[in-house]
Amino acid sequence: MLWTLVRKEIFGQLLNVRFYISFALACLFLVPATYILANDYGWMHTEYGPYLTEGLYNPWGLERFWVNRQIPPLRVLATGLDESLTLRSHNTVSDGPDFGESQFVHNPLSDILPHLDFVFFVNMVGSLLAFAFTYDAVSGERQRGILRLTMANSISRAVLILSKFLGSYLSFVISLLPALIGVVLVLSVHPDVGFGVSDWKATLWLFVLALLNIGVFVMLGIFASCVTREPKTTLTALMTIWVLLVLVVPNFSPFLAAKLHPIPALHQVHERIKSLSSSRDDEVRKEQEEYVKAHGGDHGSMSQQEKDEHGAIWLEYRMNLQVKELTQVWEAFFNEMEAQAKLARYLSLISPSAITTYLASDLSHTGIESEHAFRFAIIRFRREFAANLTRYMQQTGDKTKLWFVDNKLAPAFVLPRPTISQVISTHLPQFIVLVLYGFLCFCGAQITFIRSAI
Amino acid sequence: MRLLRTLIQRELLENLTSVRYVLTSILCLALCITSIVLMSDDYRRRRARYNVLMSDMTEEELKRSLRFAKQPQPLSVIARGVDEVMGRPARIHGWQPEEEPIAHVDGRSAEGQHLFDLFTIPDFVYIVGLVLSAFAIFLSFGTICGEKQTHTLSLLMSHPIRRSTLLFAKWMGGYISLLISLCPAILLMLAFLTAFSDIPLQTAHWIRLLGIMALSFVYLLIFFTLGLFTSTVVHRPATALILVLFVWAVWVLGMPRIGCSVAKGLRPIQPNFTFGLQKRAVRQGSFEEFRELLWNMDDEYIATVDAQTRMGQNLSRLSPLASYVYASSTLAQTGIVDAQCFRRQVADWDRERRRDRYSLLSLRALPTAQSFLEMTTDLILLLSWNVLLFAGAHVAFLRYDVR
């Protein structure tokens, strides 16, 4: 009986205009958006070339060097932080690391209207379509008198609701299927996107996440349809819910988190750093002055080796200060940022869309978690690098490596990249919350439908 | 005329007593107030950053303006646009002409911003652009076909009423009731701006604010008229809703973003960084000899960036949302044209300084009249959409079977 009802529901949806609209929207948005992002990914590789090869990049053998990470391949599906995601960190031995790269001359359009990606489609359009598929599932049939006719047969109410859910959900998924196949085709055929096994696995999980998110909204639609008596009222309720869950909660939660858990402003961090270094700076400057006095009293008339040694006093001090005290200040700041982000995550748990955005960006390594992981990896790298350099200078007495960076002294840069199963297990509670939402809506729909008059 | 007034009154009364309008009013109120409170906090944070940057500079830096930032604009609480990005502290190095064009944005200037980059900024323009536009279509999609379904349309048309009069009355009545439901929210938001936030607003700001509000009303009218148009094309409210949601999704969610991305693909630009390396390769001889050549390269590069921006803007203008965002951010002095003007002023000042014609860097904002002039194209586009959609609704309703 269940499958007969599901089949009936699917056929009903297939003959409805919303099925074709869903199909058209998915094809219109998903495939071109993925293609555009794949091109963008390829363009970034071509333009940056070696400057985005993972690890240390020291092109001129001088004091400046970059520590890079790969462009996350799944950026083509979930742009996440997009251009704010740090791909290269600028450093010198005595200064840095600098994260993030804002260009003074750039196209400001991307700051106003960011990319359209798979996650955006699922969150915005997918949820809206899910409601369009379900708003009249029960209230519409009740209004037209079909529900009464259906219930005249020996069908339990629980089975009917389940069939409504399955029918609407499956038909919605069928309408998206060609577009999803198109996306997979773009990803596998596009010359710039070389997905590995782990990337395909992550893509699969992204699809699962999308289906889960859509499932929650389909269930919510059916629940609202059970609660209300007329499709018009169902629509009013669903539109309000949609606005709140998709447009309001995710976008307001970071600002609310910033208000509830304020982090020190950047200038306060700078002040702290300044106060930490200024007292020590004077001591080192005195040491430098004494060095000049001990070597004739005039910096200009010193030999090159003496000048180097004089400069090395400052650079060595800065390097040690940087990797010890100053880095601790930054670490504390990053931890505060992380705590604020965590609060924003908790606040946005009420919205399935927000959960999906966070999860998708973490699965794709383009989100806040990935940004923090890169930062802490750089800090570890800098500490090891400073330790190696100090050891080398103690052993050889050669201090020129403070301004001519020697790649051999640099440790291997290790950016922890959690496997998909690790990401899933870490974020299991969020997945569970999504499932729970669906389940609660299902229970709500069942209870309401059992108590309601046909 | 009396008949028209009666029809409008009837429409108003019917709308204002419906649950939908009450719900819209409450939501508007809650959203606008929350938005203005949060955006004011954000503005205060950015202003504090700017003040510290200015007070932190050494006398030499201040005199030579080697470090600078764009002052946060008070109206960014309404339309943030590119204000945060352009307000990041930047620095002009001595060797700047050989590297990335004009200036270098401090590497750490965006610290603490990531959380806000994952989602769209919920300013007033966002609320109107996405949330209220959705509500506008939602309020109007059943205007004609809904009455047909309840059989009140045929009853109404049995009186000596011209179809155009009825349509106009429905359009006007519905739109006025939408505005009435918005008014408390807007008034409270403005009251908060004047009384509780310490945002310095001058007369010019109020004129600009008035302009943004007017633009918002024109923008919302488009979606209200779109709903009306759809309801004159189909005969069932459910079909009308599905159709109008489809158009809304394409128009508001898809088109602006795809337009910008397509422009990026069609007119790609080099990143600043690799462009800087290209300039290094060109350099020969003394810096002074090649300075002008490097500046010419910069100008060409900036022209390419601007061409991409223009193309993206033009493509995305197929959507009224893009026109609305561009126009309102221009009025709020946080728009693309303000960013370009700021960039140009810094570049010109730096070049003059290097040619030994010293002066203090004083950044001039676009005058109010010019801002209004800059957004004329977008305003005309918004008005045209209104006219087109209403004309469409009119023609469709003339041919509509009311039985």
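Just so you know, all these numbers are worked out from the coordinates, no wet-lab data involved. Owing to the predicted nature of the structure, the values given are computational and were not obtained by experimental measurement. Cβ sites come from the backbone with ideal geometry, for glycine too, and all protein chains shown count toward neighbours.
Key figures for this structure:
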{"read-out": "Directionally averaged projected area (convex hull, Cα atoms, the range A:258-347), nm²", "value": "7.1"}
{"read-out": "Along principal axes, Cα extents of the range B:2-398, largest first, whole Å", "value": "89, 46, 36"}
{"read-out": "Rh by Kirkwood over Cα pairs, then Stokes-Einstein D for the range A:17-58 at 0.692 mPa s and 37 °C, µm²/s", "value": "258"}
{"read-out": "Unit charges on C-beta of K, R, D, E only; dipole of the range B:2-398, Debye", "value": "1060"}
{"read-out": "Options B:Ile222, B:Thr232, B:Tyr324, ranked by Cα towards positive dipole end of the range B:2-398, top entry (Cβ charges)", "value": "B:Thr232"}
{"read-out": "Farthest toward positive dipole pole in the protein assembly as shown [+1 Lys/Arg, -1 Asp/Glu at C-beta], among B:Pro101, B:Ile199, B:Val244", "value": "B:Val244"}
{"read-out": "Computed lengthening from A:Ile447 to A:Trp3, 0.36 nm per intervening residue step minus Cα-Cα distance", "value": "157.7 nm"}
{"read-out": "For A:388-394, mean number of other protein chain Cβ atoms within 10 Å", "value": "0"}
{"read-out": "Relative packing of B:252-264, B:319-331, B:303-315, which averages over residues the other C-beta atoms within 10 Å, highest first", "value": "B:319-331, B:252-264, B:303-315"}
{"read-out": "Peptides ranked, highest mean first, by Cβ atoms within 10 Å: ranges B:389-401, A:184-196", "value": "B:389-401, A:184-196"}
{"read-out": "Extension gain from B:Leu363 to B:Arg344, taking 0.36 nm per residue of separation minus the Cα-Cα distance", "value": "5.8 nm"}
{"read-out": "Cβ neighbours within 10 Å from other chains - mean over A:260-268", "value": "4"}
{"read-out": "Of every Cα-Cα pair in chain A, the percent that sits beyond 32 Å", "value": "52"}
{"read-out": "In nm, spacing of pseudo-spin labels at B:Arg351 and A:Val435 (7 Å Cα→C-beta vector)", "value": "6.3"}
{"read-out": "Coarse-grained scattering of the protein assembly as shown at q = 0.07 Å⁻¹, given as base-10 log I(q)/I(0) from a Debye sum over alpha-carbon atoms", "value": "-0.60"}
{"read-out": "Test item: B:237-247 mean partner chain Cβ contacts at 10 Å", "value": "5"}
{"read-out": "Cβ-derived FRET efficiency at R0 51 Å, B:Met1 paired with A:Lys201, nearest 0.05", "value": "0.15"}
{"read-out": "Length gained when the stretch B:Leu187-B:Thr17 is fully extended (0.36 nm per residue, less Cα-Cα span)", "value": "59.1 nm"}
{"read-out": "Among A:Thr356, A:Gly297, A:Pro264 - extreme Cα towards positive end, dipole of the protein assembly as shown, charges at beta-carbon", "value": "A:Thr356"}
{"read-out": "Among B:Ile380, B:Ile176, B:Ile144: highest mean-square fluctuation, GNM of chain B, C-alpha pairs under 10 Å", "value": "B:Ile380"}
{"read-out": "For the range B:228-324, the spread of Cα positions along each principal axis, largest first, Å", "value": "77, 18, 15"}
{"read-out": "Within the protein assembly as shown: Cβ-based charge dipole about Cα centre, in debye rounded to nearest 20 (Lys, Arg +1; Asp, Glu -1)", "value": "3660"}
{"read-out": "Cβ-Cβ FRET estimate between A:Cys27 and B:Phe196, R0 fixed at 41 Å, reported to 0.05", "value": "0.25"}
{"read-out": "Model label zone, B:Ile207; criterion: amide N under 14 Å from point 7 Å along Cα-to-beta-carbon; scope the range B:306-346", "value": "B:331-333"}
{"read-out": "B:Ala214 paired with B:Arg162, simple spin-label distance in nm, labels 7 Å along Cα-to-beta-carbon", "value": "2.9"}
{"read-out": "Electrostatic dipole magnitude of the range B:293-403 [Cβ: Lys, Arg +1; Asp, Glu -1; Cα centre; debye, to 20]", "value": "180"}
{"read-out": "Cβ-Cβ FRET estimate between B:Ile33 and B:Thr150, R0 fixed at 56 Å, reported to 0.05", "value": "0.95"}
{"read-out": "Pairs from A:Lys232/A:Lys342; A:Lys286/A:Lys401; A:Lys401/B:Lys279 whose Cα-Cα separation, in the structure shown, is over 32 Å", "value": "A:Lys232/A:Lys342"}
{"read-out": "Nearest 10 degrees, 0 to 90: helix B:336-354 Cα axis against chain B principal axis", "value": "10"}
{"read-out": "Protection proxy ranking, peptides B:73-82, A:96-105, average beta carbon neighbours within 10 Å, highest first", "value": "B:73-82, A:96-105"}
{"read-out": "Percentage of interatomic Cα-Cα distances in the range B:64-159 larger than 16 Å", "value": "73"}
